[in-house]
Amino acid sequence: MSPTAAGSYAPPAAVLCGLAGWVPSRVVTNEHLARRLDTDDAWIRTRTGIRRRHVVDPGQSTSDLAVEAGRRALAAGTGRVDAVVVATTTPDHSCPATAPAVAARLGLTGAAAFDISAVCTGFVYGLASAAGLIAAGVAERVLLIGADTYSTIVDPLDRANAIIFGDGAGAVVLRAGHPDEPGAVGHFDLGSDGAHEDLITVAAGGSRQRSRPGEPSRQDRHFAMRGKEVYRHAVTRMAASACAALSRAGWKIDDVDHFVPHQANLRILHSVADDLGLPRARCVTHVESVGNTGAASIPLALADAAARQALRPGDRLLLTAFGGGLTWGSCLLTWPTLPAPARLYDQPPHPYDEPAHPYDQGERTTS
């Protein structure tokens with residue numbers, strides 16, 4: 001507990017003390033997609049800003065990426081934690097949760113472990129959950145991992161979505177500390193609007209579909225998104241949430257050194273920055289190299305920026321996300337002194353050319 005000016009005690013804050021990212025070495029370039037879909041590199045880059053995305057090998061799962069990112073974050077922060085939280089839309093199984101298996105593989109058997117499902121807002125929701133565990137005294141240290149393998153749920157013949165999404169994992173270690181110290185995560189804004197749940201969906205696999213007779217269609221088995229409506233909601237919700245978090249902290253927009261949004265696509269990121277009145281140069285982006293990695297996108301962007309030494313101790317960061325549900329959330333932190341994260345992969349990336357993988361199944365299509 002931390003002493004306050006009045007002599008009473010405030011609950012401890014969650015303080016960032018470890019950070020790492022991991023992406024599979026297998027790369028799907030825009031040129032690769034152009035051979036299969038009715039598109040080309042210029043069309044993809046103009047609409048999304050994405051040049052390539054990383055995807056898992058056949059048989060590789062979300063937990064594999066989460067374990068690697070978690071291992072690296074623990075090495076950078078601390079060896080032992082009291083809780084493991086995994087934010088994901090693509091768990092290894094619908095039952096059980098992925099987090100306990102990740103914890104066990106990291107040698108953390110006995111730690112509390114659970115999943116968070118808030119789609120692309122999952123990491124920000126996870127930060128709030130980890131902060132709550134620490135404030136309540138349930139945990140002294142928490143490992144939070146955002147991990148997704150969208151290549152396992154996106155239809156490889158769906159031009160609208162196959163060009164956007166990639167696979168990856170990002171992880172942070174949070175420890176109990178003082179609310180005023182660098183690295184303290186706080187001033188959250190979280191929200192949802194389930195009336196628009198149909199905008200981002202995977203229709204099959206849940207109890208609603210399973211309770212109905214008959215087999216689900218191919219379309220229902222894959223990720224679906226109504227892009228134009230999602231774009232509008234994403235920009236509006238992220239900007240409003242960011243403003244709410246800034247207001248709670250007493251920050252002005254000019255106080256923000258780095259804006260770290262969910263890496264949906266470059267057009268959305270720039271539109272939110274424009275709505276906030278932030279120069280685009282302050283927008284931390286990594287989407288061009290990895291695509292939209294769902295709950296992994298913010299920690300991967302942080303890990304990439306930290307590895308490039310683009311973040312300096314004392315810099316003030318605004319994190320904002322939006323995802324299916326609909327869900328959204330924002331929070332603030334002042335960047336601490338951290339060891340620079342390692343490379344996102346140990347081996348050089350190699351082209352994606354194995355026909356056994358779902359990304360290469362099916363013929364060229366104009367749909």
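Over the chain, the reciprocal of the mean inverse Cα-Cα separation, the Kirkwood hydrodynamic radius, stands at 20.5 Å.
Per-residue extension of 0.36 nm, minus the Cα-Cα distance of Thr201 and Ser247, leaves a gain of 13.3 nm for this segment. Taking every C-alpha pair closer than 8 Å and separated by at least 6 residues, the mean separation divided by the residue count of region 184-334 gives a relative contact order of 37 percent.
Each residue of region 162-175 was assigned a 3J(HN,Hα) from its phi angle through the Karplus curve 6.51 cos²θ - 1.76 cosθ + 1.60 (θ = phi - 60°); the sequence is 4, 7, 9, 9, x, 10, x, 8, x, 9, 10, 10, 10, 10 Hz, with glycine and proline shown as x. Distance from the C-alpha centroid of region 208-237 to that of region 274-345: 27 Å, rounded to the whole angstrom. By the helix-only formula, in which each DSSP H run with n ≥ 4 contributes -39500 (n - 2.57) and the sum is divided by residues, the chain has a 222 nm mean residue ellipticity of -8500 deg cm²/dmol.
Computed packing ranks the peptides 134-145, 19-30, 267-278 as 19-30, 134-145, 267-278, most packed first, by mean other Cβ atoms within 10 Å. Given region 184-334, what percent of its DSSP beta bridges are antiparallel, to the nearest 5? Looking only at bridges with both residues in region 184-334, the antiparallel portion is about 75 percent. Relative contact order for region 1-117: 23 percent, from Cα pairs under 8 Å spaced at least 6 residues apart, divided by residue count.
Taking all Cα pairs closer than 8 Å and separated by 6 or more residues, the relative contact order of the chain comes to 26 percent.
With q set to 0.17, 0.18 Å⁻¹, the log10 of I(q)/I(0) for region 184-334, from the Debye formula over equal scatterers at the Cα positions, is -0.95, -1.03.
Label reach from Arg105 (point 7 Å along Cα→C-beta): in region 9-46, amide nitrogens under 20 Å belong to 19-27. Gain on full extension, evaluated as 0.36 nm per residue between Arg316 and Thr236 minus their Cα-Cα distance, stands at 26.5 nm. Working note: Karplus 6.51/-1.76/1.60 with θ = phi - 60° gives region 318-332 the couplings 10, 9, 9, 9, 8, x, x, x, 6, 9, 7, x, 8, 7, 10 Hz, where Gly and Pro are set to x. Between Ser94 and Phe114, full extension at 0.36 nm per residue minus the direct alpha carbon distance yields a gain of 5.9 nm.
Against the main long axis of the alpha-carbon atoms of the chain, helix 227-249 sits at an angle near 0°. Counted by neighbouring Cβ atoms within 10 Å, the residues Cys120, Cys331, Cys243, Cys95 run from fewest to most as Cys95, Cys243, Cys331, Cys120.
What Kirkwood hydrodynamic radius do you get for region 145-232 when you take the inverse of the mean 1/r over all pairs of distinct Cα atoms, in Å? One decimal place: 16.5 Å for the Kirkwood radius. Label-to-label distance for Ala340 and Arg218 is 4.7 nm, based on points extended 7 Å past Cα in the beta-carbon direction. Build a GNM of the chain with springs between Cα atoms under 10 Å apart, and of Arg71, Arg308, Arg316 the one that fluctuates most is Arg308.
A Gaussian network model of the chain, with springs between Cα atoms under 10 Å, assigns the largest mean-square fluctuation among Asp220, Asp64, Asp254 to Asp254. Phi angles of region 287-304 translate, via the Karplus equation with coefficients 6.51, -1.76, 1.60 and θ = phi - 60°, into HN-Hα couplings of 5, 5, 9, 10, x, 7, 9, x, 5, 7, 5, 5, x, 5, 5, 5, 5, 5 Hz per residue; Gly and Pro are given as x.
FYI, it's all coordinate maths here, none of it is from the lab. Computed from a predicted model, the values in this text were never measured in an experiment. Counting neighbours? That spans all protein chains shown, and the Cβs are built from the backbone with ideal geometry, glycine included.
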